Amino acid sequence: MSTILITGAGSFTGTHLARLLKATGDSAVIGSDMPGQPAWMPTAEFQPCDIRSGAEVSRLLDSVQPDTVYHLAGVSDENDSSALIRVNLEGTWNLLEACRRLERLPRVLLVGSAAGYGPQPDAVDALREDMPACPTTLYGFSREAELALGQLAGRRWGLPVFLCRVFNLIGPGLSERYAPAAILQRLVACSEAAPTAFPLRNGHVIRDFVDVRDVVRAYSLILERGQPEVIYNIGTGQGVSLLELTTRLAQIAGRPVSIVKAEGGNGAERSAADRSIANHDRLTRDTGWQPEIPLEQSLADMARLTMAEGEACRSCSS
């Protein structure tokens, strides 16, 4: 039986990945996250580890002796730039160094972001991996730097590092720190009967929303069939504006809102790009992956969970 380590296992993506890997039943899945993070996840074991500490990371890797590492630990909040740099860059390097000291080198997946591309010319329809990465945000830069560190580790130490850029995640359990979940929460709070004015910033922004369950399946396939040090885009290839997304969520949630433009919109902070759509031809060619979960199902599953949680909270408080 192989041993799999997931860093950032308590995250939105980490919990979905753990469920997928545990469902196969042929691997021991071990989760790790920062001390103080929620320790529940559907795995046999959970070990806290501060990814910023090289000593802690080395102890974790020596203890686990993983065959495979999914490195999902990361920070996206630019309001704490120091934490973002320390976790995303220093943490990634700590992990790579600890992996290369193991007697048996594990396969390592590093996860970048579409934010690494930065704004592209208007003529660009979908983003390919061979296009230049020109991040204009600290988050986008840090994610690109992680991928570069992975390529360096592969060339210098022969560590089998696999790389990807993920476009905009969506699906049940998405944090309210991300636009689709925040919009859904606001919609649920609206009246079910009377039409309500619903202010929306950045309605023109177009994103490639890909279901987290499709994403974690892509992670697994990249490690199984992909090429080390080659970057793979994970996205649907379809663009949806935030205005259209909000309209669909309002219909699913049964909220008769009237969407109006809010002041202060200036693009998405994590990428600073108005349009971001993936070309996933390389991923499909090398691994056979295709997106399987349509946007309507992702939104319906999100709404069902959010509304059920809201009902549970109201029942507890009554």
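Readers should treat all values here as calculations from the given coordinates under stated rules, not as data from a laboratory. Fair warning: this is a prediction, and the values are worked out from it, not measured in the lab. Don't worry about glycine lacking a Cβ; one is built from the backbone with ideal geometry, like all the others, and counts go over all protein chains shown.
Seen against the Cα atoms of the chain and their longest principal axis, helix 91-100 is set at about 30 degrees. Relative contact order for segment 167-295: what is it in percent, counting Cα pairs under 8 Å that are at least 6 residues apart? Rounded, it is 39 percent for segment 167-295.
Close amide H contacts of Asn168 (hydrogens built in the peptide plane, cut-off under 5 Å, sequence separation of 5 or more or a different chain): Asp208, Val210.
Simple point charges give the picture: +1 on the Cβ of Lys and Arg, -1 on the Cβ of Asp and Glu, and for the chain a dipole about the Cα centre of about 100 debye. Think of each Lys and Arg Cβ as +1 and each Asp and Glu Cβ as -1; about the Cα centre, that makes the dipole of segment 106-160 roughly 380 debye. The angle between the Cα long axis of helix 138-157 and the longest principal axis of the Cα atoms of the chain comes to about 20 degrees, rounded to the nearest 10.
Using C-alpha pairs under 8 Å with a sequence gap of at least 6, the mean separation divided by the residue count of the chain gives a relative contact order of 18 percent.
Each residue in Asp274, Asp211 was given a count of other beta-carbon atoms within 10 angstrom of its own, and listing them fewest first yields Asp274, Asp211. Of the GluC sites (Glu not before Pro) found in segment 158-232, those that fall in a DSSP loop while having at most 13 other beta-carbon atoms within 10 Å are Glu176, Glu192. Computed over the chain, the per-residue total of -39500 (n - 2.57) for DSSP H runs of n ≥ 4 gives a 222 nm mean residue ellipticity of -12500 deg cm²/dmol, rounded to 500.
Between the amide H of Glu176 and any residue lying 5 or more places away or on another chain, no distance stays under 5 Å, with hydrogens modeled in the peptide plane. Taking the number of Cβ atoms within 10 Å of each Cβ as an exposure proxy, the fewest-first ranking of Ser241, Ser81 is Ser81, Ser241.
Each Lys and Arg contributes +1 and each Asp and Glu -1, all at the Cβ; summed about the Cα centre of segment 53-146, the dipole is approximately 380 debye. For segment 152-199 versus segment 219-248, the inter-centroid distance based on Cα atoms is 12 Å.
Note on Ala189 and Asp281: the extension gain reaches 29.1 nm, defined as 0.36 nm multiplied by sequence separation minus the Cα-Cα distance. In units of the compact-protein estimate 2.2 N^0.38 Å, the chain shows a Cα radius of gyration of 1.01.
Across segment 109-119, coupling constants 3J(HN,Hα) worked out from phi with the 6.51/-1.76/1.60 Karplus curve, θ = phi - 60°, read 9, 10, 10, x, 9, 4, 4, x, 5, x, x Hz, and Gly and Pro carry x. Alpha-carbon geometry of segment 1-119: the Rg and the Dmax are 13.9, 44 Å, given in that order. Karplus-based coupling profile of segment 231-242, in residue order and whole Hz: 8, 10, 7, 10, x, 8, x, 10, x, 9, 6, 4, with θ = phi - 60° in 6.51 cos²θ - 1.76 cosθ + 1.60 and x standing for Gly or Pro. Angle of helix 179-188 to the longest C-alpha principal axis of the chain, folded into 0 to 90 degrees and rounded to 10: 40°.
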